[in-house]
Amino acid sequence: MTYPIRPIDESEWPAFGKVLEEAFGMQPHPAQDERYRAETEFDRTLAAFDGDRIAGVTSILSLSMTVPGGQLPVAGVTAVSVLPSHRRRGVLSSIMRRQLSDIRERGECVAALYASEALIYGRFGYGRAAGELSFHIQKHGSAFVGNAPSDPSLRLRVATPAEVRPDLERLFASVVTRRPGRYERTPQSWNAVLADEEADRRGSGPLRSVLAEDDHGVRGYTLFRVKSSWDADGVPDGELKLYELEAADPAAYALLWRSVLDRDLVSRLDAGTRPVDDPLIALIADQRQLRARWSDELWVRLVEVDRALAARAYSAPVDVVIEVEDDVCPWNAGRWRLTADPTGAECKPVEDEPDMTLPVSALGSAYLGDGLLVESLGAGLLREHSDGAVRSLATAMSWSPKPWAGLTF
Ligand SMILES: CC(C)(COP(=O)(O)OP(=O)(O)OC[C@H]1O[C@@H](n2cnc3c(N)ncnc32)[C@H](O)[C@@H]1OP(=O)(O)O)[C@@H](O)C(=O)NCCC(=O)NCCS
(Lines give C-alpha, C1' and ligand atoms only; values in the text may rest on other atoms or scores of the structure.)
Protein backbone atom coordinates (compact mmCIF):
# COMPACT_ATOMS: atom_id res chain seq x y z
CA MET A 1 0.00 0.00 0.00
CA THR A 2 1.34 3.46 -0.83
CA TYR A 3 0.64 6.65 1.04
CA PRO A 4 0.93 9.93 -0.90
CA ILE A 5 3.56 12.20 0.65
CA ARG A 6 3.64 16.00 0.62
CA PRO A 7 4.59 18.96 2.85
CA ILE A 8 1.82 20.30 5.09
CA ASP A 9 0.69 23.89 5.37
CA GLU A 10 0.29 25.71 8.66
CA SER A 11 -3.44 24.96 8.91
CA GLU A 12 -2.59 21.24 9.10
CA TRP A 13 -0.32 21.67 12.14
CA PRO A 14 -2.80 20.17 14.66
CA ALA A 15 -3.13 16.95 12.61
CA PHE A 16 0.66 16.83 12.14
CA GLY A 17 1.20 17.35 15.89
CA LYS A 18 -1.34 14.63 16.69
CA VAL A 19 0.85 12.03 14.92
CA LEU A 20 3.85 13.11 17.03
CA GLU A 21 1.78 12.92 20.22
CA GLU A 22 0.49 9.44 19.43
CA ALA A 23 3.87 8.08 18.29
CA PHE A 24 5.79 9.45 21.30
CA GLY A 25 2.94 8.97 23.79
CA MET A 26 3.37 12.55 24.97
CA GLN A 27 1.12 15.56 25.39
CA PRO A 28 3.04 18.83 24.97
CA HIS A 29 2.08 21.82 27.07
CA PRO A 30 0.35 24.47 24.85
CA ALA A 31 3.43 26.75 25.19
CA GLN A 32 5.71 23.90 24.07
CA ASP A 33 3.41 23.17 21.14
CA GLU A 34 3.51 26.84 20.14
CA ARG A 35 7.33 26.96 20.34
CA TYR A 36 7.55 23.83 18.26
CA ARG A 37 5.15 25.24 15.64
CA ALA A 38 7.14 28.48 15.53
CA GLU A 39 10.39 26.72 14.70
CA THR A 40 8.84 24.43 12.08
CA GLU A 41 9.84 25.20 8.49
CA PHE A 42 6.57 24.23 6.84
CA ASP A 43 8.04 23.88 3.35
CA ARG A 44 10.43 21.29 4.83
CA THR A 45 7.75 19.14 6.50
CA LEU A 46 6.52 15.88 4.98
CA ALA A 47 3.34 13.98 5.78
CA ALA A 48 2.21 10.59 4.43
CA PHE A 49 -1.56 10.43 3.96
CA ASP A 50 -3.92 7.49 4.35
CA GLY A 51 -6.98 9.01 2.70
CA ASP A 52 -7.46 12.34 4.43
CA ARG A 53 -5.69 11.20 7.59
CA ILE A 54 -2.00 11.82 8.26
CA ALA A 55 -0.27 8.50 9.02
CA GLY A 56 3.37 9.56 9.24
CA VAL A 57 5.38 12.77 9.47
CA THR A 58 8.83 14.32 9.56
CA SER A 59 10.39 17.73 9.12
CA ILE A 60 13.77 19.38 8.68
CA LEU A 61 15.47 22.27 10.43
CA SER A 62 17.94 24.10 8.17
CA LEU A 63 21.07 24.03 10.34
CA SER A 64 24.44 25.65 9.96
CA MET A 65 26.59 22.97 11.58
CA THR A 66 30.26 22.94 12.44
CA VAL A 67 32.20 20.19 10.66
CA PRO A 68 35.96 19.60 10.82
CA GLY A 69 37.52 22.77 9.47
CA GLY A 70 34.39 24.89 8.90
CA GLN A 71 30.61 25.17 8.83
CA LEU A 72 28.12 23.53 6.47
CA PRO A 73 24.39 23.78 5.74
CA VAL A 74 23.05 20.53 7.21
CA ALA A 75 19.51 19.11 7.09
CA GLY A 76 18.49 18.56 10.72
CA VAL A 77 15.93 15.76 10.49
CA THR A 78 13.33 15.84 13.24
CA ALA A 79 9.74 14.98 14.18
CA VAL A 80 9.94 11.47 12.67
CA SER A 81 6.69 9.74 13.67
CA VAL A 82 4.27 7.14 12.38
CA LEU A 83 0.82 6.52 13.85
CA PRO A 84 0.79 3.33 15.98
CA SER A 85 -2.05 2.03 13.76
CA HIS A 86 0.22 2.31 10.68
CA ARG A 87 3.59 1.12 12.03
CA ARG A 88 5.69 -1.45 10.14
CA ARG A 89 3.94 -0.93 6.84
CA GLY A 90 6.83 0.95 5.27
CA VAL A 91 5.54 4.47 5.99
CA LEU A 92 8.84 5.63 7.49
CA SER A 93 10.80 3.98 4.68
CA SER A 94 8.92 5.88 1.99
CA ILE A 95 9.14 9.15 3.92
CA MET A 96 12.90 8.73 4.41
CA ARG A 97 13.52 8.10 0.72
CA ARG A 98 11.47 11.13 -0.30
CA GLN A 99 13.18 13.28 2.34
CA LEU A 100 16.69 12.32 1.21
CA SER A 101 15.89 13.18 -2.38
CA ASP A 102 14.39 16.54 -1.26
CA ILE A 103 17.55 17.29 0.72
CA ARG A 104 19.69 16.57 -2.30
CA GLU A 105 17.51 18.74 -4.53
CA ARG A 106 17.90 21.59 -2.06
CA GLY A 107 21.68 21.34 -2.32
CA GLU A 108 22.53 20.09 1.17
CA CYS A 109 25.02 17.23 1.12
CA VAL A 110 24.72 16.11 4.76
CA ALA A 111 21.77 15.19 6.99
CA ALA A 112 21.90 14.73 10.77
CA LEU A 113 19.47 13.60 13.44
CA TYR A 114 19.00 12.47 17.01
CA ALA A 115 17.56 8.93 17.15
CA SER A 116 14.94 7.91 19.72
CA GLU A 117 16.18 4.33 19.23
CA ALA A 118 19.57 3.30 17.92
CA LEU A 119 18.25 0.62 15.55
CA ILE A 120 16.06 2.81 13.34
CA TYR A 121 18.31 4.77 10.98
CA GLY A 122 21.26 2.57 9.94
CA ARG A 123 19.12 1.03 7.19
CA PHE A 124 18.65 4.49 5.69
CA GLY A 125 22.42 5.10 5.53
CA TYR A 126 22.85 7.06 8.77
CA GLY A 127 25.85 6.25 10.96
CA ARG A 128 26.40 7.02 14.63
CA ALA A 129 28.57 10.12 14.37
CA ALA A 130 28.82 11.56 17.90
CA GLY A 131 28.53 10.35 21.45
CA GLU A 132 27.70 12.08 24.70
CA LEU A 133 28.44 11.51 28.36
CA SER A 134 26.20 12.19 31.30
CA PHE A 135 27.88 12.91 34.64
CA HIS A 136 26.44 12.19 38.09
CA ILE A 137 28.85 13.80 40.55
CA GLN A 138 28.65 13.83 44.35
CA LYS A 139 29.88 17.12 45.75
CA HIS A 140 32.26 15.38 48.19
CA GLY A 141 34.12 13.69 45.31
CA SER A 142 34.39 16.69 43.01
CA ALA A 143 37.83 18.15 43.91
CA PHE A 144 39.97 19.34 41.00
CA VAL A 145 43.63 18.54 40.34
CA GLY A 146 46.05 20.91 42.08
CA ASN A 147 47.06 22.84 38.98
CA ALA A 148 43.54 23.68 37.74
CA PRO A 149 43.64 27.12 36.08
CA SER A 150 42.40 30.22 37.87
CA ASP A 151 42.27 33.88 36.94
CA PRO A 152 41.88 36.49 39.68
CA SER A 153 40.29 38.94 37.22
CA LEU A 154 37.28 36.63 36.84
CA ARG A 155 34.15 37.05 38.96
CA LEU A 156 30.77 35.30 39.07
CA ARG A 157 27.43 37.03 38.53
CA VAL A 158 24.07 35.48 39.41
CA ALA A 159 21.63 36.38 36.65
CA THR A 160 18.11 35.62 35.48
CA PRO A 161 18.61 33.80 32.14
CA ALA A 162 15.98 35.78 30.20
CA GLU A 163 17.58 39.07 31.32
CA VAL A 164 21.07 38.14 30.11
CA ARG A 165 19.95 36.42 26.90
CA PRO A 166 22.08 38.71 24.67
CA ASP A 167 25.18 37.76 26.72
CA LEU A 168 24.36 34.06 26.45
CA GLU A 169 23.76 34.32 22.71
CA ARG A 170 27.01 36.23 22.16
CA LEU A 171 29.09 33.81 24.19
CA PHE A 172 27.54 30.78 22.50
CA ALA A 173 28.13 32.29 19.03
CA SER A 174 31.81 32.78 19.92
CA VAL A 175 32.32 29.07 20.70
CA VAL A 176 29.99 27.36 18.20
CA THR A 177 32.68 26.76 15.56
CA ARG A 178 35.13 25.18 17.99
CA ARG A 179 33.61 21.71 17.94
CA PRO A 180 32.12 19.63 15.08
CA GLY A 181 28.43 18.88 15.57
CA ARG A 182 27.57 22.20 17.20
CA TYR A 183 25.09 24.28 15.25
CA GLU A 184 24.08 27.92 15.19
CA ARG A 185 21.01 28.77 17.24
CA THR A 186 18.04 30.66 15.87
CA PRO A 187 15.90 32.95 18.05
CA GLN A 188 13.41 30.05 18.18
CA SER A 189 16.01 27.60 19.47
CA TRP A 190 17.03 30.12 22.16
CA ASN A 191 13.34 30.42 23.10
CA ALA A 192 13.33 26.66 23.67
CA VAL A 193 16.61 26.68 25.62
CA LEU A 194 15.37 29.44 27.92
CA ALA A 195 11.77 28.21 28.21
CA ASP A 196 10.76 28.07 31.84
CA GLU A 197 7.13 27.07 32.05
CA GLU A 198 6.12 24.84 34.95
CA ALA A 199 6.11 21.93 32.45
CA ASP A 200 9.78 22.59 31.58
CA ARG A 201 10.85 22.44 35.24
CA ARG A 202 9.75 18.84 35.91
CA GLY A 203 9.72 19.23 39.68
CA SER A 204 12.84 21.41 39.96
CA GLY A 205 13.05 25.14 40.58
CA PRO A 206 13.25 27.82 37.88
CA LEU A 207 15.98 28.00 35.25
CA ARG A 208 19.00 29.80 36.71
CA SER A 209 22.19 31.21 35.33
CA VAL A 210 25.61 32.18 36.63
CA LEU A 211 27.97 34.17 34.41
CA ALA A 212 31.76 34.30 34.59
CA GLU A 213 33.03 37.73 33.58
CA ASP A 214 35.84 40.22 33.88
CA ASP A 215 36.07 43.96 33.16
CA HIS A 216 35.98 43.25 29.42
CA GLY A 217 32.80 41.17 29.41
CA VAL A 218 31.26 37.72 29.78
CA ARG A 219 33.62 34.74 29.41
CA GLY A 220 31.19 31.92 30.15
CA TYR A 221 27.82 30.90 31.53
CA THR A 222 25.90 28.07 33.15
CA LEU A 223 22.20 27.21 32.82
CA PHE A 224 20.79 24.92 35.49
CA ARG A 225 17.94 24.14 37.87
CA VAL A 226 18.11 23.18 41.54
CA LYS A 227 15.84 20.65 43.18
CA SER A 228 15.94 21.45 46.90
CA SER A 229 15.53 18.73 49.49
CA TRP A 230 16.70 17.65 52.93
CA ASP A 231 17.04 14.03 53.93
CA ALA A 232 15.23 12.35 56.85
CA ASP A 233 18.00 13.53 59.21
CA GLY A 234 17.66 17.13 58.11
CA VAL A 235 20.89 17.11 56.09
CA PRO A 236 20.73 19.22 52.88
CA ASP A 237 20.40 16.90 49.89
CA GLY A 238 19.66 19.14 46.91
CA GLU A 239 20.35 18.19 43.30
CA LEU A 240 21.63 20.52 40.60
CA LYS A 241 20.64 19.72 37.03
CA LEU A 242 23.14 21.28 34.66
CA TYR A 243 21.83 22.00 31.14
CA GLU A 244 24.60 24.14 29.68
CA LEU A 245 28.11 25.23 30.60
CA GLU A 246 29.89 27.20 27.91
CA ALA A 247 33.15 29.08 28.34
CA ALA A 248 35.52 31.01 26.14
CA ASP A 249 38.68 29.91 27.97
CA PRO A 250 39.92 27.28 30.48
CA ALA A 251 39.94 29.57 33.56
CA ALA A 252 36.30 30.62 33.04
CA TYR A 253 35.43 26.99 32.36
CA ALA A 254 37.01 25.75 35.62
CA LEU A 255 35.43 28.54 37.66
CA LEU A 256 31.95 27.80 36.29
CA TRP A 257 32.27 24.10 37.06
CA ARG A 258 33.31 24.94 40.64
CA SER A 259 30.33 27.28 40.97
CA VAL A 260 27.87 24.47 40.18
CA LEU A 261 29.78 21.72 42.03
CA ASP A 262 30.25 23.76 45.24
CA ARG A 263 26.76 25.20 45.42
CA ASP A 264 25.40 25.35 48.97
CA LEU A 265 22.66 22.89 50.00
CA VAL A 266 23.34 20.77 46.92
CA SER A 267 24.90 17.34 47.39
CA ARG A 268 25.04 16.12 43.79
CA LEU A 269 25.18 17.38 40.22
CA ASP A 270 23.53 15.76 37.24
CA ALA A 271 24.84 16.89 33.82
CA GLY A 272 22.61 15.24 31.22
CA THR A 273 24.75 15.77 28.13
CA ARG A 274 28.42 16.61 27.85
CA PRO A 275 31.00 15.92 25.12
CA VAL A 276 32.93 12.65 25.32
CA ASP A 277 36.20 14.61 25.67
CA ASP A 278 34.85 17.20 28.10
CA PRO A 279 37.89 18.92 29.71
CA LEU A 280 36.21 18.23 33.06
CA ILE A 281 37.55 14.68 32.67
CA ALA A 282 41.08 16.10 32.96
CA LEU A 283 40.20 18.67 35.65
CA ILE A 284 38.59 16.37 38.19
CA ALA A 285 41.13 14.67 40.48
CA ASP A 286 39.21 11.38 40.81
CA GLN A 287 37.69 10.54 37.44
CA ARG A 288 35.60 7.68 38.86
CA GLN A 289 33.57 10.35 40.64
CA LEU A 290 32.15 11.49 37.30
CA ARG A 291 30.05 8.31 37.21
CA ALA A 292 29.99 8.86 33.47
CA ARG A 293 27.50 7.08 31.23
CA TRP A 294 27.89 7.00 27.43
CA SER A 295 25.15 7.25 24.83
CA ASP A 296 25.01 7.83 21.08
CA GLU A 297 24.17 11.41 20.15
CA LEU A 298 24.17 12.66 16.51
CA TRP A 299 23.61 10.34 13.55
CA VAL A 300 24.91 11.57 10.19
CA ARG A 301 24.03 10.64 6.60
CA LEU A 302 26.10 11.69 3.61
CA VAL A 303 23.46 12.66 1.06
CA GLU A 304 26.07 13.42 -1.62
CA VAL A 305 29.25 11.58 -0.77
CA ASP A 306 31.63 13.52 -3.03
CA ARG A 307 30.48 17.00 -2.02
CA ALA A 308 30.35 16.08 1.65
CA LEU A 309 33.82 14.52 1.72
CA ALA A 310 35.30 17.52 -0.12
CA ALA A 311 33.62 19.99 2.26
CA ARG A 312 35.49 19.10 5.44
CA ALA A 313 39.12 19.32 6.56
CA TYR A 314 41.33 16.30 7.28
CA SER A 315 43.83 15.72 10.08
CA ALA A 316 46.41 13.94 7.91
CA PRO A 317 47.12 13.34 4.20
CA VAL A 318 45.11 10.56 2.58
CA ASP A 319 44.72 9.26 -0.98
CA VAL A 320 42.33 6.32 -1.29
CA VAL A 321 39.69 4.88 -3.62
CA ILE A 322 36.53 4.12 -1.69
CA GLU A 323 33.85 1.89 -3.16
CA VAL A 324 30.62 3.10 -1.58
CA GLU A 325 27.54 0.90 -1.14
CA ASP A 326 24.29 2.86 -0.98
CA ASP A 327 20.92 1.31 -1.90
CA VAL A 328 18.86 4.23 -0.61
CA CYS A 329 20.72 7.03 -2.48
CA PRO A 330 22.01 5.15 -5.55
CA TRP A 331 23.76 8.27 -6.91
CA ASN A 332 26.39 7.68 -4.18
CA ALA A 333 27.09 4.06 -5.10
CA GLY A 334 30.38 3.57 -6.93
CA ARG A 335 34.07 4.36 -6.65
CA TRP A 336 35.36 7.68 -5.37
CA ARG A 337 38.95 8.83 -5.02
CA LEU A 338 39.42 10.98 -1.93
CA THR A 339 42.63 13.01 -1.98
CA ALA A 340 42.97 15.20 1.07
CA ASP A 341 45.42 16.80 3.43
CA PRO A 342 45.07 19.43 6.15
CA THR A 343 44.89 22.21 3.51
CA GLY A 344 42.05 20.84 1.36
CA ALA A 345 40.23 17.87 -0.14
CA GLU A 346 39.00 16.58 -3.49
CA CYS A 347 36.63 13.69 -4.13
CA LYS A 348 36.11 12.47 -7.71
CA PRO A 349 34.35 9.50 -9.35
CA VAL A 350 36.88 6.96 -10.74
CA GLU A 351 37.02 3.53 -12.35
CA ASP A 352 40.22 2.55 -10.45
CA GLU A 353 40.45 -0.56 -8.28
CA PRO A 354 39.09 0.28 -4.80
CA ASP A 355 41.23 0.28 -1.65
CA MET A 356 38.14 -0.52 0.45
CA THR A 357 34.39 -1.15 0.18
CA LEU A 358 32.26 0.68 2.73
CA PRO A 359 28.53 1.10 3.40
CA VAL A 360 27.65 4.81 3.21
CA SER A 361 26.73 4.70 6.90
CA ALA A 362 30.41 4.09 7.81
CA LEU A 363 31.36 7.37 6.13
CA GLY A 364 28.49 9.19 7.88
CA SER A 365 29.70 7.80 11.17
CA ALA A 366 33.27 9.03 10.56
CA TYR A 367 32.26 12.37 9.04
CA LEU A 368 32.42 14.56 12.14
CA GLY A 369 35.65 13.00 13.40
CA ASP A 370 34.59 10.22 15.74
CA GLY A 371 33.84 7.20 13.58
CA LEU A 372 34.44 3.51 14.14
CA LEU A 373 36.25 2.67 10.89
CA VAL A 374 39.17 0.81 12.48
CA GLU A 375 36.93 -0.92 15.01
CA SER A 376 34.53 -1.99 12.25
CA LEU A 377 37.44 -3.36 10.22
CA GLY A 378 38.65 -5.27 13.29
CA ALA A 379 35.14 -6.64 13.73
CA GLY A 380 35.17 -7.90 10.14
CA LEU A 381 32.42 -5.52 9.04
CA LEU A 382 34.38 -3.65 6.33
CA ARG A 383 36.20 -4.94 3.28
CA GLU A 384 39.75 -3.60 2.91
CA HIS A 385 41.48 -4.38 -0.41
CA SER A 386 44.79 -2.53 0.21
CA ASP A 387 46.59 -3.10 3.51
CA GLY A 388 46.40 -0.09 5.82
CA ALA A 389 43.94 1.88 3.66
CA VAL A 390 41.14 1.92 6.25
CA ARG A 391 43.50 2.98 9.03
CA SER A 392 44.86 5.76 6.83
CA LEU A 393 41.31 7.02 6.08
CA ALA A 394 40.34 6.74 9.76
CA THR A 395 43.39 8.76 10.84
CA ALA A 396 42.67 11.49 8.27
CA MET A 397 38.98 11.71 9.23
CA SER A 398 39.55 11.74 13.00
CA TRP A 399 39.28 15.13 14.66
CA SER A 400 39.83 16.83 17.96
CA PRO A 401 37.77 18.04 19.73
CA LYS A 402 35.31 15.20 19.31
CA PRO A 403 31.89 15.98 17.83
CA TRP A 404 28.93 16.85 20.02
CA ALA A 405 25.80 18.86 19.25
CA GLY A 406 24.82 19.44 22.88
CA LEU A 407 21.20 20.38 22.13
CA THR A 408 18.54 18.01 20.82
CA PHE A 409 16.68 19.06 17.67
C1 LIG B 1 10.29 4.49 14.38
C2 LIG B 1 9.02 4.62 13.50
C3 LIG B 1 9.02 6.00 12.87
C4 LIG B 1 9.13 3.54 12.40
O5 LIG B 1 8.10 3.75 11.45
P6 LIG B 1 7.50 2.55 10.55
O7 LIG B 1 6.63 3.18 9.52
O8 LIG B 1 6.95 1.52 11.44
O9 LIG B 1 8.84 2.00 9.86
P10 LIG B 1 8.88 1.09 8.55
O11 LIG B 1 7.64 0.25 8.49
O12 LIG B 1 9.17 1.92 7.36
O13 LIG B 1 10.13 0.18 8.91
C14 LIG B 1 11.22 0.03 8.07
C15 LIG B 1 12.14 -1.01 8.65
O16 LIG B 1 12.70 -0.49 9.86
C17 LIG B 1 12.45 -1.40 10.94
N18 LIG B 1 12.18 -0.57 12.12
C19 LIG B 1 11.32 0.46 12.20
N20 LIG B 1 11.34 0.96 13.45
C21 LIG B 1 12.23 0.23 14.16
C22 LIG B 1 12.68 0.28 15.49
N23 LIG B 1 12.19 1.18 16.36
N24 LIG B 1 13.62 -0.62 15.89
C25 LIG B 1 14.10 -1.54 15.00
N26 LIG B 1 13.71 -1.62 13.71
C27 LIG B 1 12.78 -0.74 13.31
C28 LIG B 1 11.23 -2.18 10.50
O29 LIG B 1 11.14 -3.40 11.16
C30 LIG B 1 11.46 -2.33 9.02
O31 LIG B 1 12.40 -3.36 8.82
P32 LIG B 1 12.35 -4.30 7.50
O33 LIG B 1 12.52 -3.36 6.34
O34 LIG B 1 13.48 -5.22 7.69
O35 LIG B 1 11.00 -4.93 7.53
C36 LIG B 1 7.72 4.40 14.31
O37 LIG B 1 7.78 3.14 14.91
C38 LIG B 1 7.47 5.45 15.36
O39 LIG B 1 6.84 6.45 15.10
N40 LIG B 1 8.00 5.22 16.60
C41 LIG B 1 7.75 6.11 17.73
C42 LIG B 1 8.35 7.50 17.55
C43 LIG B 1 9.84 7.44 17.26
O44 LIG B 1 10.61 6.78 17.96
N45 LIG B 1 10.26 8.16 16.21
C46 LIG B 1 11.64 8.28 15.83
C47 LIG B 1 12.14 9.56 16.34
S48 LIG B 1 13.87 9.78 16.11
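The values are calculated or read from the model by the stated rules, or taken from the named source; none is laboratory data. As the structure is a computational prediction, the values presented were derived from the model and not from experiment. Because the Cβ atoms are built from the backbone with ideal geometry, glycine has one as well, and the counts that use them run over all protein chains shown. The protein model used for the area step is the full one, side chains on, heavy atoms only, and it has no ligands, DNA or RNA in it. Shrake-Rupley method; radii C 1.70, N 1.55, O 1.52, S 1.80 Å.
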### Query
Per the Kirkwood definition applied to all pairs of different Cα atoms, how many angstroms is the hydrodynamic radius of the stretch 1-41?
11.4 Å
#### Entry: Isotropic mean projected area of the C-alpha convex hull, the chain (nm²)
22.8 nm²
### Query
Looking at the stretch 133-294 from every direction and averaging, what is the projected area of its Cα convex hull in nm²?
10.3 nm²
### Query
Expressed as a rounded percentage, what relative contact order does the stretch 133-294 have, with Cα pairs under 8 Å and six or more residues apart?
36 percent
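So how much slack lies between R157 and E353, counting 0.36 nm per residue of separation and subtracting their Cα-Cα distance, in nm? Before the final figure, lay out each step's value.
Details: separation 196, 0.36 × 196 = 70.56 nm, distance 6.14 nm.
Contour length minus the Cα-Cα distance gives 64.4 nm.
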### Task
Name the residues whose placed amide hydrogens come within less than 5 Å of the amide hydrogen of R219, ignoring near sequence neighbours (fewer than 5 apart) on the same chain.
A212, E213, D214
### Query
Mind listing the phi-derived Karplus ³J(HN,Hα) values for the stretch 264-269, rounded to whole Hz, using 6.51, -1.76 and 1.60 with θ = phi - 60°, and x for any glycine or proline?
4, 6, 10, 9, 8, 10
### Query
Between the stretch 144-177 and the stretch 328-386, what is the C-alpha centre distance in whole Å?
40 Å
#### Entry: Largest-first principal axis extents, alpha carbons of the stretch 244-287, Å
28, 21, 19
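Please list F224, F144 in order of solvent-accessible area, largest first, computed with a 1.4 Å probe with all protein chains present.
On the way: F224 5, F144 35 Å².
Ranking F224, F144 by accessible area, largest first, yields F144, F224.
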#### Entry: Approximate spin-label separation D237-E169, in nm, with each point projected 7 Å along Cα-to-Cβ
4.2 nm
#### Entry: Listed residues F16, F49, F24 arranged by accessible area, highest first, probe 1.4 Å
F24, F49, F16
### Query
Taking amide H positions as placed 1.01 Å from N in the peptide plane, with prolines and chain starts having none, which residues 5 or more places from F144, or on another chain, fall under 5 Å of its amide H?
A285
### Query
Can you pull out the GluC sites (Glu not before Pro) in the stretch 306-409 that DSSP calls coil and that have at most 11 other Cβ atoms within 10 Å?
E351
### Between the stretch 186-235 and the stretch 39-85, the alpha-carbon center distance in angstrom
29 Å
### Message
Using the Cα centre of the stretch 133-294 as the reference point, and only Cβ charges (+1 on K/R, -1 on D/E), how large is the resulting charge dipole? Debye, rounded to the nearest 20.
### Response
380 debye
### Query
So what are the ³J(HN,Hα) numbers for the stretch 204-213, from phi and the Karplus equation (6.51, -1.76, 1.60; θ = phi - 60°), rounded to whole Hz, Gly and Pro as x?
9, x, x, 5, 10, 9, 10, 9, 10, 8
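Under a Cβ-only charge scheme (Lys and Arg +1, Asp and Glu -1), can you give me the dipole magnitude of the chain about the Cα centre, in debye to the nearest 20? Write down the numbers at each step before the final one.
Values: 47 positive and 61 negative charges, 97 e Å.
So the dipole magnitude of the chain works out to roughly 460 debye.
When 1/r is averaged over all different Cα pairs and the result inverted, which Kirkwood radius in Å belongs to the stretch 305-397? Mind showing how you got there, number by number?
Values: mean 1/r = 0.0775 Å⁻¹.
It works out to 12.9 Å.
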### Message
Using amide H atoms built in the peptide plane, which far-off residues or other-chain residues are under 5 Å from V80 H to H?
### Response
S59
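Hand me the trypsin sites (Lys or Arg not before Pro) from the stretch 174-258 located in a DSSP loop with no more than 12 other Cβ atoms within 10 Å, in residue order please.
Working: sites: R178, R182, R185, R201, R202, R208, R219, R225, K227, K241, R258; in loops: R182, R185, R202.
Those satisfying the criteria are R202.
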### Message
Quick check: from the Cα gyration tensor, does the stretch 76-202 come out rounded (a/c under 1.5), prolate or oblate?
### Response
prolate
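Which semi-axis lengths, in whole Å and largest first, follow from the square roots of five times the eigenvalues of the Cα gyration tensor of the stretch 198-352?
Working: eigenvalues 418, 77, 44 Å².
After scaling each eigenvalue by five and taking roots: 46, 20, 15 Å.
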### Task
Set the Förster distance to 35 Å, then compute FRET efficiency between I281 and W190 from the Cβ-Cβ distance, nearest 0.05.
0.80
### Message
Using the Karplus curve 6.51 cos²θ - 1.76 cosθ + 1.60 with θ = phi - 60°, what ³J(HN,Hα) values do you get for each residue of the stretch 52-67, in whole Hz, with x for Gly and Pro?
### Response
9, 9, 7, 9, x, 9, 6, 8, 10, 9, 7, 9, 10, 10, 6, 10
### Summary
Answer in debye to the nearest 20: the dipole magnitude of the stretch 1-73 about its Cα centre, from +1 Lys/Arg and -1 Asp/Glu charges placed on Cβ, is 200 debye
### Charge-dipole axis of the stretch 78-139 as Lys and Arg at +1 and Asp and Glu at -1 on Cβ define it, positive-most pick from Q99, P84, Y126
P84
### Query
Using a simple spin-label model with points 7 Å from Cα along the Cα→Cβ vector, what separation in nm is obtained for E34 and D319?
6.1 nm
### Message
Can you sort H29, H385 by solvent-accessible area, 1.4 Å probe, largest first?
### Response
H385, H29
